[in-house]
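Structure first, then comments.
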Amino acid sequence: MPDSLPFILWGAVCLPLITFLILFVGGRNWPIVADRLALTLSGLSLVGFSVVVAAGWLADWGYAAPIHWFSLGEFALTILVRVDALAALMLWVVAFISFLVQVFSVQYMRGDLAYTRYFALLGLFTFAMYGLLLTENLLVVYFFWELVGFSSYTLISFWSDKDAAVKAGRKAFLFNRAADLGFLAALLLLWAHYHTFNLSEIKLMVGPDSADPWFTWLGIGLLLGTAGKSAQFPLSGWLPDAMQGPTPVSALIHAATMVAAGVYLIIRADFLLNGLIMDMALIMGAITALGGALAATSQTDLKKVLAYSTISQLGYMVMAVGAGAPMAAFFHLVTHAFFKASLFLCAGSVIHHLAHGPAARDPQDMRQMGGLARSMPLVFACYTLSALALAGVPLLSGFLSKEQILSELWTAATRGSGPAMIAWVAALVGIGLTAFYIARQWFLVFVRLPGLPAGGTLPTPPKSPLSVWEAVPLLLLALFVPFWAFAVHPLEPTQAWIMVRLAPAAALPAPWWLAPLSLGLLSIGFGLAWQWYGGANRTILRHLSATDSQIVHRTTEDISHWDRLYHWVWSLVNQYLQKYVHWQGIDGIYEHFLVKIALQLAHWLQWWDKRALDRSVDVSGKITVVVGRLSAWFDRNVVDGLVRGLTTLTKQAGQMARNTQTGQIQQYYGWAVGMVVLVFLLILYWAQ
C-alpha cells in the first residue's frame, strides 16, 4: 500500500486544478453539471488525503521527493516536496472544509448567473492551498502564496456588479501585495546567505547568524507577510470588508485556507525567528487579538462579527508562535478551522433563510433578527455548539487549544519575558470579550424577540427546514467541535503522526488557577451579554416555546445599554482623537500617511510629466531639429563641398597626367633629360 500512496497523494492534489480547467475553460455552458463535477472531484481528493493521513497515523508513513526544476551551469535548483504530519493534516483539513463548502454552495448559490465560474474558482483556490502546504521550498510557497491571494481576490469580488464587492476585493489584493513585499525580501535574504529555499536545508545551516542584523530583517519580512495574509495588526483592515463575497467563500477563507497561510508559514519557519522577532510577534498578536475582539462587540452585521472574531483568533495563534509554542498555534489553527467554518455556514443559512423572507428585513443586520431558534432549530443547535467552542467552554475543542496557548504564554512570561506577560494578559481579556460578542450575537440572532425598523411591523419568519445540501455540512462540522475529536492519548512522544501531538504539554506546568481564571472571565462575558441582550427574554425556554401570536416585536433602537454606552464612549474618544491628534482609526492612518501621500506623489509626478518632462522632451526635440538642420547644411556645404573639390582636383590632375602620355619616344626622352637636369640643379642648390 505505501507504494501507491504517492500516486494517491498527487492525484488528490491535482483534482481541484482539473475541476478549474474543465469548468473555467470548457464548462461555461454546463451549469447543470458544474456542481456534480466539482463535488465528485473534491470528494475524491478528500478520500485521497484521508488515506494519506490514515496511513501516516497507522504506519508512520511520510513522503519526501526532490524535484529538479532547472540547471544553470553547475547550479541546479531543486524543489523539495515533503508531507509530514503537519502538512498531511492541514491538507486533509483544507480538503474536508473545501468539500463541505462546495456541498453547502449547491443550494446557497443555485440560480446565480456565474454558478459554473463559482465552482471553478473554488477549485483553483483549493489547489493553490494544496500547493502551498505540499512543498517546503519557500520560492514555490511564494508562487502558491500569490495564487491564493489572486484566487481570494476573484472570490471576494465575485459579485462584480456590487461596487462594495469590487472595492473589497481591490482592498484585499492591495493589502496583501504590500505585505508580500516583506515575504519576497525575506526570500532574497535567504538566498543571499544560504543559496537555497528549502527549509530543511536552511535549518541545518542556521547557527550564530540569528544574532546578525540581516537575520532580524529576515524575520521582519516573514512577519510582515504573515500580517498581510493572516490579517494581523496593522494590516487587518481588509478582512472585514472581504465579507462582500458569498458566505460559503467566507467560510473557506476564514476557516482553513487563506488567512491560515500566514500562521502556517511562521509555524514552519519558526527557527528563523530570533528573540526580537518573537517579541514583535507577541505584541502584534496581542494587539490583534484584543482589537479584533473589541471591534466584534459593536458590529451589527452578522458576518462582520465573525470576521473580526477570526482576526482575534489569528492573533492568539501568532502570540503562541511568539511564545515559542508553534504546535500550540497549529492546534488552535486546526480546532478553529472546524468551529469557525461551522459558524460561517450557519450564518449563510440564516442569510439565505432571511433573504427569502419579508422584503423589509435586512438579511445581515442582527438588529432586525431574532427568534430564529424556533424557525431554524438545526442551525441554532450547530451554531450554539460552535459558539461555545469559540468562547472556550470546557469539553469543547476551543477550550483545549486556548488553554494550551494560555499555558504557553504563562510559561514564557515566567521566564522573564515582558512581551509574553503583556500577551498573556491580552489573551485573558480576549477570552472575556470573545464570550461577550459571541453571546451577544447568539441572543440577537436566535433568542431575542424579532426586531424590525421603528414603527413597522414584521412577521416572524416561518419555519423552513434546511435542505440536505445545507444540513449535512453543518452536522459533519459539528462532529469535530467536541473535545473528543482531538483528545486522543499519545502512544509515543516521538510518534509524528499522532494527532494529539498538536497539543503538547507546556514546558512548565500551568498553575492550578489558570483554568478557573479563564472560565471566570468567560462567565463574566456571558453574564454581561445575558444582562444586556437577554432583555425581556430572561427565560429562554419561554421564548422557544412561545407561539407566533405571543411574540411581541421590538424595534431596532431597543438593543441594549451596552450599544448605547459603547457608541457614546467611542464617539467621545473619536471626537477627541480627531480634534487633537487627527486620529481616524487604522484606515484613517492609511488614508493620511499612505493614500494621501501616494495621491500627492501621483499629482506631483503628473505635474513633472506635463510641465517638466514633456517640456524638456519638447525643447530637446526642437534642439535636435536645429542641430539636424545645421548638420545637414554643414554636410551639404562643407563635407560634400570638400569631397567635390577633391574630386575635381583629382580629375584635373589625372587629366594632366593623361596629356603626358602621347606615345612619342622623343617626348619621353625630353621629359627624362629635363627631370635629370632639374634634379642636378636641386643637388647643386642644396650643396651650397
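Take L345 and tell me if it is modelled with pLDDT of 95 or more and touching a Ser or Thr at 6+ places or on another chain (Cβ under 8 Å).
Numbers: modelled with pLDDT of 95 or more: no; touching a Ser or Thr at 6+ places or on another chain (Cβ under 8 Å): yes.
So L345 fails the test.
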| note | Residue hits (the stretch 179-190; open to solvent by 30 Å² or more (accessible area, probe 1.4 Å) and in contact (Cβ under 8 Å) with a residue 24 or more places away in the chain) are L181, L184, A185, L189
| Quick check: is even one residue across the stretch 304-311 modelled with pLDDT of 90 or more, surrounded by fewer than 24 Cβ atoms within 10 Å (Cβ to Cβ) and either of a type in the set (S, T, N, Q) or over 23 Å from A423 (Cβ atoms) (or both)? | yes
| query | Out of (1) in a helix (DSSP H, G or I); (2) in contact with an Asp or Glu (Cβ under 6 Å, 6 or more places away or on another chain), the odd one out for A95 is which? | reply | (2)
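One line per residue, one yes/no per condition, for (1) within 30 Å of W513 (Cβ to Cβ); (2) among the hydrophobic types (A, V, I, L, M, F, W, C); (3) open to solvent by less than 10 Å² (accessible area, probe 1.4 Å):
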site: A328; (1), (2), (3): yes, yes, yes
site: V334; (1), (2), (3): yes, yes, yes
site: Q368; (1), (2), (3): no, no, no
site: P377; (1), (2), (3): no, no, no
site: F380; (1), (2), (3): no, yes, no
site: T384; (1), (2), (3): yes, no, no
site: L390; (1), (2), (3): yes, yes, yes
site: L395; (1), (2), (3): yes, yes, no
| note | When Q232 is run through (1) touching a helix residue (DSSP H, G or I) at 6+ places or on another chain (Cβ under 7 Å); (2) more than 14 Å from G262 (Cα to Cα), the failure sits at (2)
| For the stretch 103-117, does any single residue satisfy the condition of being open to solvent by 10 Å² or more (accessible area, probe 1.4 Å), among the β-branched types (V, I, T) and at pLDDT 90 or above? | yes
| Consider V393 against the criteria (1) outside any loop (DSSP other than H, G, I, E, B); (2) out of contact with any Cys (no Cβ under 7 Å at 6 or more places or on another chain); (3) of a type outside the set (G, A, S): it satisfies all of them except one. Which criterion is unmet? | (1)
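Of everything in the stretch 408-440, what is among the polar types (S, T, N, Q), part of a helix (DSSP H, G or I) and open to solvent by 10 Å² or more (accessible area, probe 1.4 Å)? Give them in sequence order. It would help to see each step written out before you state the result.
So the first thing to find is which residues in the stretch 408-440 are among the polar types (S, T, N, Q), and the list is 411, 414, 417, 434.
Those still in the list that are part of a helix (DSSP H, G or I) too: 411, 414, 434.
T414 - this is the single residue of the stretch 408-440 that is among the polar types (S, T, N, Q), part of a helix (DSSP H, G or I) and open to solvent by 10 Å² or more (accessible area, probe 1.4 Å).
Look at T247 and say whether it is modelled with pLDDT under 90, surrounded by 23 or more Cβ atoms within 10 Å (Cβ to Cβ), touching a helix residue (DSSP H, G or I) at 6+ places or on another chain (Cβ under 8 Å) and not hydrophobic (A, V, I, L, M, F, W, C). Lay out the reasoning, then the answer.
Working: modelled with pLDDT under 90: yes; surrounded by 23 or more Cβ atoms within 10 Å (Cβ to Cβ): yes; touching a helix residue (DSSP H, G or I) at 6+ places or on another chain (Cβ under 8 Å): yes; not hydrophobic (A, V, I, L, M, F, W, C): yes.
Yes; evaluated as a whole, the condition is true for this residue.
Can you find a residue in the stretch 157-175 that is among the hydroxyl-bearing types (S, T, Y), closer than 22 Å to A307 by Cβ and free of Cβ contacts under 8 Å to residues at least 12 places away in the same chain? Break it down stepwise before answering.
Residues of the stretch 157-175 among the hydroxyl-bearing types (S, T, Y): 157, 160.
Filter again for closer than 22 Å to A307 by Cβ, leaving 157, 160.
Filter once more, so that each one left must be free of Cβ contacts under 8 Å to residues at least 12 places away in the same chain: 160.
The answer is yes, given that some residue of the stretch 157-175 is among the hydroxyl-bearing types (S, T, Y), closer than 22 Å to A307 by Cβ and free of Cβ contacts under 8 Å to residues at least 12 places away in the same chain.
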| task | Kindly check whether there is at least one residue in the stretch 609-624 that is out of contact with any Pro (no Cβ under 8 Å at 6 or more places or on another chain), aliphatic (A, V, I, L, M), modelled with pLDDT under 80 and closer than 30 Å to F175 by Cα. | result | no
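The values are calculated or read from the model by the stated rules, or taken from the named source; none is laboratory data. These figures come from a predicted structure and were not determined experimentally. Cβ atoms come from the backbone with ideal geometry, glycine included; neighbour counts cover every protein chain shown. Please note that ligands, DNA and RNA were not included when accessible areas were found on the heavy atoms of the full protein model with its side chains. Shrake-Rupley method; radii C 1.70, N 1.55, O 1.52, S 1.80 Å.
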